[in-house]
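Visitor: I am attaching a structure below and will ask some questions about it afterwards.
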Amino acid sequence: MIKAVFFDIDGTLVSFNTHRVSDSSKEAIRQLRDKGIKLFIATGRIKKHINNLDNLEFDGYITANGFDCYIGEKSIYRHSIAREEIYSLIDYLKNKEKFPCSIMTNNGIFINYVTKEVEEVSKSINLPIPAVDNYYEFLEQNIDDILQINLFVDEKKEKELMKNIFKNCESSRWHPAFTDVNTKGGGKHIGIDKIIEHYKIDISETMAFGDGGNDVTMIEHSAIGVAMGNANKEVKLVADYITDDVDNDGIYNALKHFNIL
């Protein structure tokens, strides 16, 4: 029996094409709630930037890829990136190579500079990213509150940076233009464990939906892991089921397939 369902946002609940939750997904959420099933968001966004769910109600939120978790509005778990990693990043950007690099804090997402590629990504998720004039000073002032780093680099550069700078972190890519960087050993699956511990729900009673690289751990971890039809290959490889894409009733159809609706 499924007692808790976890949803990624971008590319899963919310279409990259329409920037909204489909009517079928809204109906699925309504029916799940009527059955008494707990509903949760599991996203790479910070909570402040969850702005595209059309006032749908959820019982909790896994944000910043599992590093900032909430029951309602109450924080139950938070884990920032270590200072050493931030100082390594500052040194690299100052003395070796410059590239767009945004940071996530509870107060928002901030970036050193904006390129056309950054603008395109921001537009695709309907979320502006403000640039910071005194970026390095800003990093140091917020050094204990950085939940996630976003590197706007290709996969080759990503591997180099993870090897040489972010030695105690790991990356997950859900968009070809950038990758998320978080503390090693974390992920949305950690957020799931924090949530179900609070509600005394067993992992065998969970289901999760996702489409990007940052969803892999929760798709593997949940009792039923569903990859959207538009999901990355790595997500589909670990999923228990591949449903239709976000624009073709993927969530509703999967819930019907497993006789949850």
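The values are calculated or read from the model by the stated rules, or taken from the named source; none is laboratory data. Model, not experiment: these values are computed from the prediction. Backbone-built Cβ (ideal geometry, glycine too); neighbour counts: all protein chains shown. These accessible areas exclude ligands, DNA and RNA; they are computed on the full protein's heavy atoms, side chains included. Shrake-Rupley method; radii C 1.70, N 1.55, O 1.52, S 1.80 Å.
Every residue, every condition in (1) closer than 20 Å to D145 by Cα; (2) free of Cβ contacts under 8 Å to residues at least 60 places away in the same chain; (3) not charged (D, E, K, R), yes or no:
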{"site": "D68", "(1), (2), (3)": "yes, no, no"}
{"site": "G72", "(1), (2), (3)": "no, yes, yes"}
{"site": "H79", "(1), (2), (3)": "yes, no, yes"}
{"site": "R83", "(1), (2), (3)": "yes, no, no"}
{"site": "L89", "(1), (2), (3)": "yes, no, yes"}
{"site": "K98", "(1), (2), (3)": "no, yes, no"}
{"site": "F110", "(1), (2), (3)": "yes, yes, yes"}
{"site": "E119", "(1), (2), (3)": "no, yes, no"}
{"site": "I129", "(1), (2), (3)": "yes, yes, yes"}
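Visitor: So how many residues does region 19-75 have that are aliphatic (A, V, I, L, M) and either out of contact with any helix residue (DSSP H, G or I) (no Cβ under 9 Å at 6 or more places or on another chain) or under 19 Å from I203 (Cα atoms) (or both)?
Guide: Adding up the residues that qualify gives 9.
Visitor: Could you say whether any residue in region 145-152 is open to solvent by less than 10 Å² (accessible area, probe 1.4 Å) and outside any strand (DSSP E or B)?
Guide: Yes, there is a match, as at least one residue in region 145-152 is open to solvent by less than 10 Å² (accessible area, probe 1.4 Å) and outside any strand (DSSP E or B).
Visitor: A follow-up question, please. Does N52 count as in contact with a strand residue (DSSP E or B) (Cβ under 7 Å, 6 or more places away or on another chain), surrounded by 14 or more Cβ atoms within 10 Å (Cβ to Cβ), modelled with pLDDT under 95 and over 22 Å from N142 (Cβ atoms)?
Guide: So N52 passes the test.
Visitor: Quick check on this structure: which one of I9, I81, I46 is open to solvent by less than 60 Å² (accessible area, probe 1.4 Å), touching a Cys at 6+ places or on another chain (Cβ under 8 Å) and farther than 18 Å from H198 by Cα?
Guide: One residue alone meets the criteria, I81.
Visitor: Within the set of pairs 6 or more residues apart or between chains, which connect a residue that is within 23 Å of N17 (Cα to Cα) inside region 242-261 to a residue that is hydrophobic (A, V, I, L, M, F, W, C) and open to solvent by 20 Å² or more (accessible area, probe 1.4 Å) with Cβ atoms less than 8 Å apart?
Guide: Short answer, once both residue conditions are applied: V246/F16; Y252/L261; L255/L261.
Visitor: Hey, L89 hits all of (1) aliphatic (A, V, I, L, M); (2) closer than 30 Å to D59 by Cβ; (3) over 18 Å from the mean Cα position of the chain (by Cα) but one; which does it fall short on?
Guide: (2)
For (1) closer than 23 Å to I90 by Cβ; (2) among the acidic types (D, E), each residue gets a yes or a no:
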| site | (1), (2) |
| --- | --- |
| E137 | yes, yes |
| E140 | yes, yes |
| L147 | yes, no |
| F152 | yes, no |
| N164 | yes, no |
| K184 | yes, no |
| G187 | no, no |
| E234 | no, yes |
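Visitor: So I129 ticks every box in (1) open to solvent by 10 Å² or more (accessible area, probe 1.4 Å); (2) over 24 Å from E234 (Cα atoms); (3) among the β-branched types (V, I, T); (4) at pLDDT 90 or above but one. Which box is left unticked?
Guide: In the conditions (1) open to solvent by 10 Å² or more (accessible area, probe 1.4 Å); (2) over 24 Å from E234 (Cα atoms); (3) among the β-branched types (V, I, T); (4) at pLDDT 90 or above, I129 misses (4) alone.
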